Amino acid sequence: MTDKKIFIINGSPRKNWNTDKMCQSFADGAKSKGVSVETIYLYDLNFKGCRSCFACKLKGGKNFSRCAYPDDLTPILDKISKCDGLILASPIYFGNVTAEMRAFVERLLFPFFQYDKNFSSTAPKRMETAIIYTMNISEQFLKENPLGQRTKNAMESIETFVELVLKKPQIIYAFDTYQFNDYEKYASSAFDPVHKAKQRDEQFPKYLQKAYDEGVNMAKRILCRGIMQDSL
Ligand SMILES: Cc1cc2nc3c(=O)[nH]c(=O)nc-3n(C[C@H](O)[C@H](O)[C@H](O)COP(=O)(O)O)c2cc1C
């Protein structure tokens, strides 16, 4: 193992389901290159979104550019700000990331997002970033349906701010996911259980492979950066 570290922030309430499996696959890829990975499950933590206290913007304040609001997230935010890679992973709920992920993003980015003319960033490190989205809709629906377009706009909004404050994220999708353990048991006539099972068995493994490959790629970029910094 190297001294490089990636944090995966999982914004899904379900362990070992679609989002978590994508996270595990990404982690396996990164670890295969010797980068250590820690996964944080937001639903295990007690926290809320930004309280608009502005302690992070108070000139000369001891918590300038830092979210000091005391809850389960505070120590995690401090750790994350110095990491080498950050992955945000979330299911899509009503056309957006989950409320927990949204709250996390507010807490993570706002202290570094400066109210100056350029909206400059005071993030101590511009680490590698990626976002994993899992969702019920298909890739075609996301691209072509007006409802899908709204989802796309919401995703782009988060991606824009992650890029502005940290670094442009790699985007990893899992579409048309398998949502229940037995489609016959749940009221869900919109979905064809046979198609969903086929997706789970044939398409989802391809998404997992993509997540693994992106884990490998991120680890390589991190290690390459490290070598370049050492040689300066
Ligand atoms: C409350 C709720 C809202 C959802 N809204 C959407 C949605 O707007 N678009 C979509 O494609 N999928 C939606 N889904 C489906 C999930 O995004 C999808 O099944 C996801 O892969 C679940 O991730 P998980 O297995 O990690 O829980 C919704 C699921 C729930 C529970």
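Cα axis of helix 204-230 to longest principal axis of the chain: angle in degrees, 0 to 90, nearest 10?
With both axes taken from Cα atoms, the answer is about 20 degrees.
Give the Debye-formula value of log10 I(q)/I(0) at each listed q (0.13 Å⁻¹), with one equal scatterer per alpha carbon of segment 85-174, two decimals each.
Per q value, in the given order, log10 I(q)/I(0) is -0.44.
Counting C-alpha atoms alone, how compact is the chain: give Rg to one decimal and Dmax as a whole number, in angstrom.
18.5, 61
On each of the three principal axes of the Cα atoms of segment 1-114, give max minus min coordinate, whole Å, ordered largest first.
Between the extreme Cα coordinates on each principal axis of segment 1-114 lie 44, 38, 22 Å.
Report the extension gain between Asp230 and Arg51 in nm, rounded to one decimal, defined as 0.36 nm multiplied by the number of residues separating them, less their alpha carbon distance.
60.5 nm
When the helix-only estimate is applied to the chain (DSSP H runs of n ≥ 4, each -39,500 (n - 2.57), divided by the residue count), what is the mean residue ellipticity at 222 nm, nearest 500 deg cm²/dmol?
The per-residue figure over the chain is -12500 deg cm²/dmol.
Calculate how steeply helix 146-165 sits against the longest principal axis of the alpha-carbon atoms of the chain, using the helix alpha-carbon long axis, and give the answer as 0 to 90 degrees to the nearest 10.
Once rounded, the angle reads 20 degrees.
Defining a contact as two alpha carbons under 8 Å apart and six or more residues distant in sequence, what relative contact order in percent does segment 1-156 show?
Computed value for segment 1-156: 27 percent relative contact order.
Determine the order of Ser81, Ser120 by accessible area, beginning with the largest, at a probe radius of 1.4 Å.
Heavy-atom accessible area, descending, gives Ser120, Ser81.
Under a plain spin-label model, where a point goes 7 Å from the Cα along Cα-to-Cβ, how far apart in nm are Lys79 and Asp201?
In this crude spin-label approximation the distance works out to 4.0 nm.
With charges only on Cβ, +1 for K and R and -1 for D and E, what is the dipole size of the chain about its Cα centre, in debye, rounded to 20?
Dipole of the chain, to the nearest 20 debye: 780 debye.
Do any chymotrypsin sites (Phe, Trp or Tyr not before Pro) in segment 77-124 lie in a DSSP loop with no more than 16 other beta carbon atoms within 10 Å, and if so, which?
Answer by residue number: Phe94, Tyr115, Phe119.
How far, in degrees from 0 to 90, does helix 99-109 lean away from the longest principal axis of the Cα atoms of the chain, to the nearest 10?
Approximately 20 degrees, to the nearest ten.
Taking the square root of 5 times each eigenvalue of the Cα gyration tensor, what semi-axes in Å does the equivalent ellipsoid of segment 125-196 have, largest first?
Whole-Å semi-axes of the equivalent ellipsoid: 30, 14, 9.
The values are calculated or read from the model by the stated rules, or taken from the named source; none is laboratory data. Being a predicted model, the structure only gives us computed values, none of them experimental. Because the Cβ atoms are built from the backbone with ideal geometry, glycine has one as well, and the counts that use them run over all protein chains shown. The protein model used for the area step is the full one, side chains on, heavy atoms only, and it has no ligands, DNA or RNA in it. Shrake-Rupley method; radii C 1.70, N 1.55, O 1.52, S 1.80 Å.
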